[in-house]
């Protein structure tokens with residue numbers, strides 16, 4: 001383990017700064033993973049098909065859209 005860190009410069013930081021920096025790095029990683037969706041080729045083609053040829057809205061969807069609050 002020591003050999004792994006010997007080529008890195010020593011960071012002069014206190015424990016709080018180290019913990020905060022580590023927590024921020026971990027949080028960014030979690031957010032990054034949550035914001036991206038990986039689709040299979042089949043699912044990607046299904047999404048593209050739905051975008052290019054959307055289904056006709058049914059009565060329930062039309063009612064839901066009509067009942068949405070009006071933007072001001």
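The values are calculated or read from the model by the stated rules, or taken from the named source; none is laboratory data. Every value quoted in this text rests on a predicted model; they were computed, and no experiment measured them. We place every Cβ from the backbone using ideal geometry, glycine too, and count neighbours over all the protein chains shown.
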Query raised in the report: List, please: which pairs have Cβ atoms under 9 Å, are six or more places apart or on different chains, and start with a residue in the range 48-72 that is without any contact (Cβ under 8 Å) to a residue 24 or more places away in the chain and on the phi < 0 side of the Ramachandran plot and end with one that is in a loop (DSSP other than H, G, I, E, B) and surrounded by 10 or more Cβ atoms within 10 Å (Cβ to Cβ)?
Result: 65/57
Query raised in the report: In this structure, is residue 34 at pLDDT 95 or above and out of contact with any strand residue (DSSP E or B) (no Cβ under 6 Å at 6 or more places or on another chain)?
Result: no
